[in-house]
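Visitor: Quick one: the structure is below, and I'll ask about it shortly.
The values are calculated or read from the model by the stated rules, or taken from the named source; none is laboratory data. As the structure is a prediction and not an experimental result, all values here were calculated from the model. Cβ placement follows ideal geometry from the backbone for every residue including glycine, while neighbour counts extend to all protein chains displayed.
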Amino acid sequence: MTMVTRAIRQFLRLEAAGGIILIMAAIVALVLANSPLHDLYQQFLNSPVQFRFMALDINKTLLLWVNDGLMAIFFLVVGLEVKRELMCGSLASREQAIFPAIAALGGMLAPALIYLAFNHADPVTSQGWAIPAATDIAFCFRRYGFTWESRPNQLEGISAGAGHYR
């Protein structure tokens, strides 16, 4: 095993590794989308990706695979995590679940309303209100991963109940 491979494996074992990768990817995407490389970035996102298994043949762009495929899996996992917390975790009682439920509602409504405040006049862009309401889910626990390695179970329950998965 080379020194580079060992360093990569050690990095990926860190709890914060996913958050670092997520934030770096978001920064790279923002820079590319708003730079002279915009056309190249769009071409990359619209490049075809094909999945073929026996009679099943799915041919979509990379962007659609991420938006329709990977995000569906991500939200399935988030939903299962919330269900686990509600059934037998730190949100099993009504008293434990009420604050995270209110936080989840506020965590969806506030970004959507802020977005609509800036985009309400444009009928095309105003349709994008759901994007800011959903994107904080992926970043929430990644932020916690940077601050400390072991979180209290109550924090995990609150964040899971608020739709935030680590």
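Visitor: Among the listed residues Ser35, Ser90, which satisfies the condition of being among the small types (Gly, Ala, Ser), modelled with pLDDT of 95 or more and surrounded by 10 or more Cβ atoms within 10 Å (Cβ to Cβ)?
Guide: Step by step, each of Ser35, Ser90 is checked, and only Ser35 is among the small types (Gly, Ala, Ser), modelled with pLDDT of 95 or more and surrounded by 10 or more Cβ atoms within 10 Å (Cβ to Cβ).
Visitor: Of all residues being assigned to a loop (DSSP other than H, G, I, E, B) and of a type in the set (A, V, I, L, M, F, W, C) in segment 8-32, which is surrounded by the fewest Cβ atoms within 10 Å (Cβ to Cβ)? Just the residue, please.
Guide: Per the criteria, the residue is Leu14.
Visitor: Right, something else. Only one residue in Ala55, Ala72, Ala97, Ala117 is in contact with a helix residue (DSSP H, G or I) (Cβ under 7 Å, 6 or more places away or on another chain) and not charged (D, E, K, R), so which one is that? Working first, answer last.
Guide: Working: Ala55 fails: in contact with a helix residue (DSSP H, G or I) (Cβ under 7 Å, 6 or more places away or on another chain); Ala72 fails: in contact with a helix residue (DSSP H, G or I) (Cβ under 7 Å, 6 or more places away or on another chain); Ala117 fails: in contact with a helix residue (DSSP H, G or I) (Cβ under 7 Å, 6 or more places away or on another chain).
That would be Ala97, the only listed residue that is in contact with a helix residue (DSSP H, G or I) (Cβ under 7 Å, 6 or more places away or on another chain) and not charged (D, E, K, R).
Visitor: Related question: Which residue pairs have Cβ atoms under 6 Å apart, sit 6 or more places apart or on different chains, and have a first residue in segment 24-51 that is under 22 Å from Gly69 (Cα atoms) and a second that is of a type in the set (A, V, I, L, M) and not in a helix (DSSP H, G or I)?
Guide: Phe51/Ile58
Visitor: Would segment 18-25 turn up any residue that is under 24 Å from Trp129 (Cα atoms), at pLDDT 85 or above and small (Gly, Ala, Ser)?
Guide: Yes, there is a match, as at least one residue in segment 18-25 is under 24 Å from Trp129 (Cα atoms), at pLDDT 85 or above and small (Gly, Ala, Ser).
Visitor: Find the residue count for segment 55-83, including only residues that are loosely packed, with under 14 Cβ neighbours inside 10 Å and either farther than 26 Å from Gly128 by Cβ or among the polar types (S, T, N, Q) (or both).
Guide: Final tally of qualifying residues: 7.
Visitor: Write out, first by first residue and then by second, each pair whose Cβ atoms fall under 6 Å of each other, whose residues are 6+ apart or on separate chains, and whose first residue, in segment 63-83, is closer than 19 Å to Gln42 by Cα while the second is outside any helix (DSSP H, G or I).
Guide: Once the first residue is closer than 19 Å to Gln42 by Cα and sits in segment 63-83, its partners that are outside any helix (DSSP H, G or I) give Trp65/Val49.
Visitor: Given Met108, Met87, which one is farther than 26 Å from Ile23 by Cα and of a type outside the set (D, E, K, R)?
Guide: Met87 is the lone residue from the list that is farther than 26 Å from Ile23 by Cα and of a type outside the set (D, E, K, R).
Visitor: Based on this model, can you work out whether Ser126 counts as out of contact with any Cys (no Cβ under 9 Å at 6 or more places or on another chain), in a helix (DSSP H, G or I) and farther than 20 Å from Leu22 by Cβ?
Guide: So Ser126 passes the test.
Visitor: (1) among the aliphatic types (A, V, I, L, M); (2) farther than 30 Å from Phe51 by Cβ; (3) at pLDDT 80 or above: which one isn't true of Ala162, the others all being true?
Guide: Condition not satisfied by Ala162: (3).
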